[in-house]
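Worksheet: one structure, shown below.
Please treat every number below as a calculation from the coordinates, not as lab data. Here the structure is a predicted model, which means the values were calculated and not measured. Positions of Cβ are generated from backbone atoms using ideal geometry, with glycine treated the same way; all protein chains shown enter the neighbour counts.
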């Protein structure tokens, strides 16, 4: 997606994002407002499980104007805030946030031959209750994308606190993705490589032992459109587990380990 995220997330990024293939008999010009709903066996975002390796329900609404302007809202069940952070010295209680609700807007269009661009703003919202002294997961990002045929390069830049990491202005993510539709089959092949780089003045962005929490992720995927219902299978991996303790929740789950994900989505 968008996250564009639904291309963007990790699995919906390639499998259930708004704007992916519709039914074969869909009109040439899509409606101005569309809705999407999806189910994933594990919600991965930038290679990291947001649900403790458990399933998630997702969905959203998108508005698109002929000028290229778009806006939307998208949500997913999550558990990473509640699972990862518990009461520690200097805090009181624990986090309890089970929903990610994203809002975004931007402008995209094509130029020259086979080229496209997309620029916009995305806010990740994590409503809930937080331990005293904890940083909320809410994050603001601006992004820019350039595409050629079925290959895109996207750069996202954080404007402040980033996914619970305080004072992380300048944290960024580079996303190189390919999505190749196999002619007359309804099948789409996908590949992705990303690099998450944490920056900022806060020591909280370093993992146990002083290791930086920055990491890389990759994904290979295939999806098939069955009359508007898109079934997908993807394999995603990261090197995040090399940052000792950073990407483990309180249940001992390695949130960045290599894993396969099944998805089912529908846009209407």
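Work out, step by step, the length gained on full extension between residue 222 and residue 195: first 0.36 nm times the residue separation, then minus their alpha carbon distance; give nm to one decimal.
Here the segment from residue 222 to residue 195 would lengthen by 7.6 nm.
Determine, from the Cβ-Cβ distance of residue 107 and residue 254 and an R0 of 35 Å, the FRET efficiency 1/(1 + (r/R0)^6), rounded to the nearest 0.05.
The calculated FRET efficiency here is 0.35.
Work out how much length residue 184 to residue 37 would gain on full extension: take 0.36 nm times their residue separation and subtract the Cα-Cα distance, in nm to one decimal.
Details: separation 147, 0.36 × 147 = 52.92 nm, distance 2.46 nm.
Full extension from residue 184 to residue 37 adds 50.5 nm.
Can you figure out the FRET efficiency of residue 57 with residue 148, using R₀ = 25 Å and their beta-carbon distance, to the nearest 0.05?
The pair residue 57/residue 148 has a calculated efficiency of 0.15.
Residue separation times 0.36 nm, minus the C-alpha to C-alpha distance between residue 115 and residue 157: what's the value?
Full-extension gain reported as 12.9 nm.
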